[in-house]
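Novice: So that we are looking at the same thing, I have put the structure below in structure tokens.
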Amino acid sequence: DAMVIQNPRYQVTQFGKPVTLSCSQTLNHNVMYWYQQKSSQAPKLLFHYYDKDFNNEADTPDNFQSRRPNTSFCFLDIRSPGLGDAAMYLCATSQIRGANHEQFFGPGTRLTVL
Amino acid sequence: TQLLEQSPQFLSIQEGENLTVYCNSSSVFSSLQWYRQEPGEGPVLLVTVVTGGEVKKLKRLTFQFGDARKDSSLHITAAQPGDTGLYLCAGGERDAGNMLTFGGGTRLMVKP
């Protein structure tokens, strides 16, 4: 089945220790997104790639970076995690077509910062 | 900046009851998605509506897009414990690529 995969599902890191979260997709979608979601809140968009074009949200901290080496993979790098970065990180994909704005989400990575 | 107001924020009901969740905006959306998210998982797409006045049914769930494409509702008939979760509406705009504006979410708990 076509899907969005995130690894790991749970990540524990120490304050200030860099961490990388990964996302892969078999949907062959041209857009990939990273969202941050804190408890019972709506997902907050961090950035997205339209093919290889990177688009950063204005309020995304510099501490967050992303890489998309190919269509299938996208990575979220947190350079110096703080306690406030503990959250669920969601990867999503979509294919630009007409009025349909559907995004398909992965299962998420729960990040804990000690 | 477009905003989507979702209500209620929290809903706790008994199994078998009916409920409606609302999603409202002062702006027009090209499409409206509804997602359900269970604890520890990512949101799962339930339905997309794109036409004003459109009604879609998914078993006990009925989704409606307002005539002016500014609002939407999700109605659940005879709720079951398996319906428990966070329900999110998200609107897409024609001029915003594939960006979505999310509502604040409705946390539903259905007690057996």
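The values are calculated or read from the model by the stated rules, or taken from the named source; none is laboratory data. Small disclaimer: the values here were computed from a predicted structure and weren't measured. Every residue, glycine as well, gets a Cβ built from its backbone with ideal geometry; the counts of neighbours run over all protein chains shown. Heads up: the accessible areas ignore ligands, DNA and RNA and are worked out on the full protein's heavy atoms, side chains in. Shrake-Rupley method; radii C 1.70, N 1.55, O 1.52, S 1.80 Å.
Novice: May I ask you to give the percent of accessible area on chain A that is carbon plus sulfur, with a probe radius of 1.4 Å?
Specialist: The value for chain A is 50 percent carbon and sulfur by accessible area.
Novice: Additional query: Can you give the relative contact order of chain B as a percent, counting alpha carbon pairs under 8 Å and 6+ residues apart?
Specialist: Reported relative contact order: 36 percent.
Novice: Considering the options A:Val113, A:Gln36, A:Ser66, tell which one lies farthest towards the positive end of the dipole of chain A, charges being +1 on Lys and Arg and -1 on Asp and Glu at the Cβ, about the Cα centre.
Specialist: It is A:Val113, whose Cα lies furthest towards the positive end.
Novice: How big is the charge dipole of chain B about its Cα centre, in debye rounded to the nearest 20, if each Lys and Arg gets +1 on its Cβ and each Asp and Glu gets -1 on its Cβ? The partial results should precede the final answer.
Specialist: Details: 10 positive and 11 negative charges, 38 e Å.
Magnitude of the dipole: close to 180 debye.
Novice: Please list, in chain and number order, the residues 5+ apart from B:Leu46 or on another chain whose amide H is under 5 Å from its amide H, with Hs placed from the backbone.
Specialist: B:Trp34, B:Tyr35, B:Arg36
Novice: Can you give the mean number of other chain Cβ atoms that lie within 10 Å of the Cβ atoms in peptide A:61-69?
Specialist: Mean inter-chain Cβ contacts per residue within 10 Å come to 0.
Novice: At a Cα cut-off below 21 Å, give the lysines reachable from B:Lys111, other chains included and same-chain residues fewer than 8 away excluded.
Specialist: B:Lys59
Novice: Which of A:Thr20, A:Asn55, B:Thr101 sits closest to the plus end of the dipole of the protein assembly as shown, meaning its Cα is farthest towards the positive end, when Lys and Arg get +1 and Asp and Glu get -1 on the C-beta?
Specialist: The residue sitting farthest along the positive end of the dipole is A:Thr20.
Novice: Give me the dipole magnitude in Debye, nearest 20, for chain A about the Cα centre, with unit charges on the beta carbon: positive for Lys and Arg, negative for Asp and Glu.
Specialist: It comes to approximately 260 debye.
Novice: Follow-up question, since we're still on this one. Take the Cα atoms of the range A:1-105, build their convex hull, and give its volume per residue in Å³.
Specialist: Cα convex hull per residue, to the nearest whole number: 113 Å³.
Novice: Please compute one quarter of the surface area of the Cα convex hull for the range B:5-111 and express it in square nanometres.
Specialist: Directional mean of the projected Cα hull area for the range B:5-111 stands at 6.2 nm².
Novice: Normalised by the residues of chain A, what does the relative contact order come to in percent, with Cα pairs under 8 Å and at least six apart?
Specialist: On the way: 268 pairs, mean separation 42.7, N = 114.
Averaging sequence separation for qualifying contacts and normalising by length gives 37 percent for chain A.
Novice: Please report the spacing between the Cα centers of the range A:33-75 and the range B:1-59 in Å, no decimals.
Specialist: 24 Å
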